[in-house]
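Structure, as structure tokens:
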Amino acid sequence: MTPGRIGFVVAAGLAALCYAVRPRDDGGGYDPYFRALNETLRRNGPARPSLILDLDRLDQNIAVLRASIRDPKHFRVVDKSLPSIPLLRYIFEHAGTNRVMSFHQPFLSQVAEQLEGSQVLLGKPMPVKSAEQFYADLHGSFDPDRQLQWLIDTPERLEEYRELAERLHRRLRINVEIDVGLHRGGVQDTATLERILVEIAANPTRLEFAGFMGYDPHVAKVPSWARSRASLVHEVRTIYRGYVDYVQRRHPQLWNNRVTLNGAGSPTYRLYEDDTLLDDLSVGSALVKPTDFDLDTLTPHVPALFIATPVLKAGASARLPGLDWLSRLLDWWNPNLARTFFIYGGYWMARPVAPAGLHNNRLFGRSSNQEMLNGSARVELGVDDYVFLRPTQSEAVMLQFGDLLVVRGGQIVDHWPVFKQ
Ligand SMILES: Cc1ncc(COP(=O)(O)O)c(C=O)c1O
């Protein structure tokens, strides 16, 4: 064979190999759920990017939660992951709780003002100035001396809070953050806890011991080949029990029946069904299940939150600017580049889910103005149809679209404002 002919055979062989390993066509249409939503939105939607909250699906998630967190345990709703007063109110009513975990001073102030009957525990230790701002903004019937627990991680921060209590002539309830294995701060030894407890005990008119908070999401996320889940759960409980025993033995006068022993979060709350130590479990994200919560511990939960955005332009295969030859090559190779859609907005922390088989184009790049999505010839989508995306997390994404579009039975039934920042 001549060198030219060898070259031709090698090139043809390579091309055949590339074609044989090309991506499979994963395009499709809407499933019945999203088809109905698309029709509703085409008729009554706002024709701009919006966030859909499905109450039927939220109810399903609340039922799963209620079956798991039973008396004498209490469910505490995480406000940052469900940042809307009407949504929190709905959850209070349907999940039978008035407990909130709060993470941001403006959210805390809105909860105190609008959910006056709530019991709030901070989910992170706030700078003392932020606590001071909360008291300055406070009005209405919410009584922080009874209804609020500040989270304290160090003796130094406790000292700042004690000084604040002196200035405000208040008695602050102090919950102590403990490190149960996550290593995100909090008390890590009994010597530090002792300093905190001594300070509380020495200032009974200004400070009250309110309990512990030990957060453990790593338990659901460490891969099983690295460490067994059973041993992680055992470690969390052993550490937690050690601190509880310490207070009960060394400072029994600080213990009372109002003490809150808080722990867990969406990834782990269902692992506490047989636990008898903790009495207060925090859950937020699992009630709407963004994609980061597609975990084995949350299998019975269903996604209840979707971004819906209209298609502005629908066309043929993806064309990369200035690189038509590459576009043709990629189009030949990848059937999922057969169609191009530009959507209203984009670049959210979210993944396209409907219709099936839509993908971001990494070569064209991302855009928060009008983002390119590609799909195969089988993707059923035209201008003014809606693309649906599942947020990867709820807390940041839920604040980006204005009012939530509340849906039941496939129809828009309400508009719920989200927290002011
Ligand atoms: C202290 C604490 N508890 C609980 C949670 C659980 O929140 P979610 O259920 O939304 O994951 C978090 C989340 O960051 C947290 O920081």
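For the reader, a short list of remarks on this structure follows.
- Residue among Ser317, Ser327, Ser376 that is among the hydroxyl-bearing types (Ser, Thr, Tyr) and touching a residue at least 60 places away in the same chain (Cβ under 8 Å): Ser376
- Enumeration of residues in the stretch 290-318 that are open to solvent by 10 Å² or more (accessible area, probe 1.4 Å) and within 10 Å of the ligand (Cβ to nearest atom): Asp292, Phe293
- Strands (runs of 3 or more DSSP E) within the stretch 137-244 that include 2 or more residues open to solvent by less than 50 Å² (accessible area, probe 1.4 Å) and β-branched (Val, Ile, Thr): 172-177
- Residue match in the stretch 255-273 (condition: among the basic types (Lys, Arg) and either free of Cβ contacts under 8 Å to residues at least 24 places away in the same chain or open to solvent by less than 20 Å² (accessible area, probe 1.4 Å) (or both)): no
- Just one of (1) small (Gly, Ala, Ser); (2) under 22 Å from Val244 (Cα atoms); (3) without any contact (Cβ under 8 Å) to a residue 40 or more places away in the chain fails for Gly181. It is (3).
- Which listed residue, of Gly13, Gly27, Gly45, is at pLDDT below 95 and open to solvent by less than 30 Å² (accessible area, probe 1.4 Å): Gly27
- If only residues of the stretch 65-84 that are aliphatic (A, V, I, L, M) and crowded, with 19+ Cβ neighbours inside 10 Å are counted, the one that is farthest from the ligand (Cβ to nearest atom) is Ile69.
- Among residues of the stretch 258-278 being more than 15 Å from the ligand (Cβ to nearest atom) and among the charged types (D, E, K, R), the one that is farthest from Gln147 (Cα to Cα) is Asp274.
The values are calculated or read from the model by the stated rules, or taken from the named source; none is laboratory data. These numbers come from a predicted model, not from an experiment. Glycine gets a Cβ as well: all are built from the backbone with ideal geometry, and neighbour counts include every protein chain shown. Accessible surface areas use protein heavy atoms only, side chains included; no ligands, DNA or RNA. Shrake-Rupley method; radii C 1.70, N 1.55, O 1.52, S 1.80 Å.
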